[in-house]
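Reading through the C-alpha cells given below for one structure.
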C-alpha cells in the first residue's frame, strides 16, 4: 500500500554492482514464491509473475509456496507487483500488471542482448498503458502498481523496476539492493520532512499523455551461487536487510527462504501484504 501523491524529480543513477567470476553457458534457476495477505489488510493488493504464473484479482494470497527449477536455455522473467488504489482497485491494478506482462512477453521478442533494455522499458510502458486504460474504464480516481523484476537471459540478468518494490542480490556473502527506489525520499531529507512514508515518483498506471514511465534497468553477469530476492514493501518495511542477508546465507532452499521471510514479516506485525520470490543460480 502506498501514498500515491506524485512528485517529479531527477535521480542520479546508482553505482553498478561489481562483476566477479562470470558464468558462461547455460545453467538453471531454483525458484520459489510466496504471497500472504498479512495481518492488517482484508484485501491482497500484491501479485507476482513467476515465469508465467500469477494470481487472479480476487485472491487471498497463496495457500502454499510455489517452487520450481528452470533452465536458462530460455529467457525467464520473475516479478513482484504491489497495487494501489481505493476499494478493490489495488488488486485489480496488480492483476492487470501481471496479465499485461504475460501478454507482452508472449507477443514481443527481444531482438538481441543490446536491445534488452529497450525491450523491458517497452514492457513497462505497455503495462502502464493497460492499467491506465482500465482506470478510465472503471471511472476510478486512481489505480496503479509497482513492478520489480528480474529478466534472466543466458549468463546475464536484467533488473527492472518502477516504484519501490525491490530486488536484492546475495553474492560473496553480501546482500545488496540492485533495484532503485523511485520515491521522494531524497526530497524529504533535503527539506527536513519526517513522519510519513516517501511518496512514489513513478508507478504503472500514470496518464501516458502527462507523465512518461521511466523504469530503472541495469544488467549484471551471473555467477554460480548467486541468490536473488524480489519483494514488496510488506517485506522490506518489516524485515531488516541484516536479517535477510543472514537468512539467505544460512537457509538451504529458496522455498525455505521464502517461508522464513513470510513468517518474519508476519511476526513483525504483518502490516501490509507480503510477497517474496527467491531465486538461486545453479550449474
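The values are calculated or read from the model by the stated rules, or taken from the named source; none is laboratory data. Note that this is a predicted model, so its numbers are computed, not measured. Here the Cβ is made from the backbone with ideal geometry for all residues, glycine too, and neighbour counts use every protein chain on show.
If I ask for residues that are closer than 14 Å to residue 273 by Cβ, touching a strand residue (DSSP E or B) at 6+ places or on another chain (Cβ under 8 Å) and without any contact (Cβ under 8 Å) to a residue 40 or more places away in the chain, which ones from the stretch 60-95 would you list? 62, the sole residue that qualifies.
Kindly establish whether residue 200 is closer than 22 Å to residue 282 by Cα and either touching a strand residue (DSSP E or B) at 6+ places or on another chain (Cβ under 9 Å) or surrounded by fewer than 21 Cβ atoms within 10 Å (Cβ to Cβ) (or both). If you could, list the steps in order and put the result at the bottom.
On the way: closer than 22 Å to residue 282 by Cα: no; either touching a strand residue (DSSP E or B) at 6+ places or on another chain (Cβ under 9 Å) or surrounded by fewer than 21 Cβ atoms within 10 Å (Cβ to Cβ) (or both): yes.
Considered against the rule, which asks whether it is closer than 22 Å to residue 282 by Cα and either touching a strand residue (DSSP E or B) at 6+ places or on another chain (Cβ under 9 Å) or surrounded by fewer than 21 Cβ atoms within 10 Å (Cβ to Cβ) (or both), residue 200 comes out as no.
Among the residues making up the stretch 128-142, a single one is in contact with a strand residue (DSSP E or B) (Cβ under 9 Å, 6 or more places away or on another chain) and at pLDDT below 95: 142. The numbered conditions (1) free of Cβ contacts under 8 Å to residues at least 12 places away in the same chain; (2) touching a helix residue (DSSP H, G or I) at 6+ places or on another chain (Cβ under 8 Å); (3) closer than 30 Å to residue 125 by Cα are all true for residue 278 except (1).
Could you say whether any residue in the stretch 105-116 is crowded, with 22+ Cβ neighbours inside 10 Å and either more than 17 Å from residue 51 (Cβ to Cβ) or more than 21 Å from the chain's Cα centre (by Cα) (or both)?
Step one: filter the stretch 105-116 for residues crowded, with 22+ Cβ neighbours inside 10 Å, giving none.
Within the stretch 105-116, none of the residues are crowded, with 22+ Cβ neighbours inside 10 Å and either more than 17 Å from residue 51 (Cβ to Cβ) or more than 21 Å from the chain's Cα centre (by Cα) (or both).
Being surrounded by fewer than 22 Cβ atoms within 10 Å (Cβ to Cβ), without any contact (Cβ under 8 Å) to a residue 40 or more places away in the chain, part of a loop (DSSP other than H, G, I, E, B) and in contact with a helix residue (DSSP H, G or I) (Cβ under 9 Å, 6 or more places away or on another chain) narrows it down to one of 247, 238, so name that one. Break it down stepwise before answering.
Numbers: 247 fails: part of a loop (DSSP other than H, G, I, E, B).
So the residue among 247, 238 that is surrounded by fewer than 22 Cβ atoms within 10 Å (Cβ to Cβ), without any contact (Cβ under 8 Å) to a residue 40 or more places away in the chain, part of a loop (DSSP other than H, G, I, E, B) and in contact with a helix residue (DSSP H, G or I) (Cβ under 9 Å, 6 or more places away or on another chain) is 238.
In the condition set (1) in contact (Cβ under 8 Å) with a residue 60 or more places away in the chain; (2) more than 18 Å from the chain's Cα centre (by Cα), residue 185 is compliant with all but (1). Taken residue by residue, the stretch 228-235 has no member that is surrounded by fewer than 23 Cβ atoms within 10 Å (Cβ to Cβ), within 19 Å of the chain's Cα centre (by Cα) and not in a loop (DSSP other than H, G, I, E, B).
Considering only the stretch 45-75, how many residues are part of a strand (DSSP E or B), at pLDDT 90 or above and surrounded by fewer than 20 Cβ atoms within 10 Å (Cβ to Cβ)? Final tally of qualifying residues: 7.
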